[in-house]
Amino acid sequence: MRYSLFFLFVGLTSYFISAGVSADEMPARGKLLVATDEVRGPAFAQTVILLLQHDETGTLGLVVNRPIDAAVVDDLRQQTDLAPYGGTFYWGGPVLPYTLRALLRSDASPEDAVQIFDSVYLVNIDEALLADTANAANLRLFVGYAGWGAGQLEYELAFDSWSVVSATEEAVFAEDAGDVWEKLVPPRKYRAGVEITGSEARELFVSQALLRVIQQEPGLTGE
């Protein structure tokens, strides 16, 4: 199963390149996935996801436009002192919903941080809460995360489930997260600029053997 999905990742990535899809439209760290109307499930409908990792092993990201009540993370307060944080908590995704991740906006690179794009870093929560810049405008805490196995995101992109755009600080740290999706979602379009049917897409993007693998693998639709 793992190798089949790996070859799916390679095959679909190669197809996007050969079809003339620009680098700006390819998923990568620091890009935003914007759900299209094809994503109808309650988990990911109208979501905007910041990609933290994307390679042949899979994809990891954080939903940036789903604020949640602080009471939801009460159990996590036993593990981390969250008192210094007075901002909103965000639902990062359905994977490991009892874990926290932090994004910090800082002009200086924090120690042991991973730069996601520009001045936005994935940081250690304890250190982020102690930073001078750790205020509601510059720090976001996320409960859980969104994840895809090898080849899964490429499969969804092939069926126009997501639009890929470059991330901006204005989108990730928006004061009103509820408006982010509406500002970013593009008019309905197909990735290669050619309107194709679902059956044609399956013939273009996956072999029948890989299609059977996909149909047997749960969680590929992101819904």
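For the range 163-184, the condition of being of a type in the set (S, T, Y), part of a helix (DSSP H, G or I), at pLDDT 50 or above and in the same structural domain as T59 (by TED's automatic domain parsing) holds for none of the residues.
Collect the residues in the range 86-99 that are farther than 19 Å from A137 by Cβ and surrounded by fewer than 18 Cβ atoms within 10 Å (Cβ to Cβ), keeping them in residue-number order. P94, V95, L96, P97, Y98, T99, listed by residue number. The residue list G86, G41 contains one member that is more than 18 Å from W148 (Cα to Cα) and at pLDDT below 90, which is G86. None of V164, V172 is touching a Leu at 6+ places or on another chain (Cβ under 9 Å), more than 15 Å from V39 (Cβ to Cβ) and surrounded by 13 or more Cβ atoms within 10 Å (Cβ to Cβ) except V172.
The rows are residues; the columns are (1) in the same structural domain as R101 (by TED's automatic domain parsing); (2) crowded, with 22+ Cβ neighbours inside 10 Å; (3) more than 13 Å from F142 (Cα to Cα).
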| residue | (1), (2), (3) |
| --- | --- |
| A28 | no, no, yes |
| F44 | no, yes, yes |
| L50 | no, yes, no |
| V72 | yes, no, no |
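Exactly one residue among A83, A128 is crowded, with 21+ Cβ neighbours inside 10 Å, of a type in the set (A, V, I, L, M, F, W, C) and outside the structural domain of A167 (by TED's automatic domain parsing), and that residue is A128.
Comparison of L76, L51, L60 shows that the only residue that is touching a Ser or Thr at 6+ places or on another chain (Cβ under 7 Å), at pLDDT 70 or above and under 26 Å from D126 (Cα atoms) is L51. The set of residues in the range 43-53 that are in contact (Cβ under 8 Å) with a residue 40 or more places away in the chain and more than 20 Å from P186 (Cβ to Cβ) comprises A43, L52. Remark: F159 matches the filter, which requires a residue to be at pLDDT below 95 and assigned by TED's automatic domain parsing to the domain that holds G41.
The values are calculated or read from the model by the stated rules, or taken from the named source; none is laboratory data. As the structure is a computational prediction, the values presented were derived from the model and not from experiment. Glycine also receives a Cβ, built like all others from the backbone with ideal geometry; neighbour counts cover every protein chain displayed.
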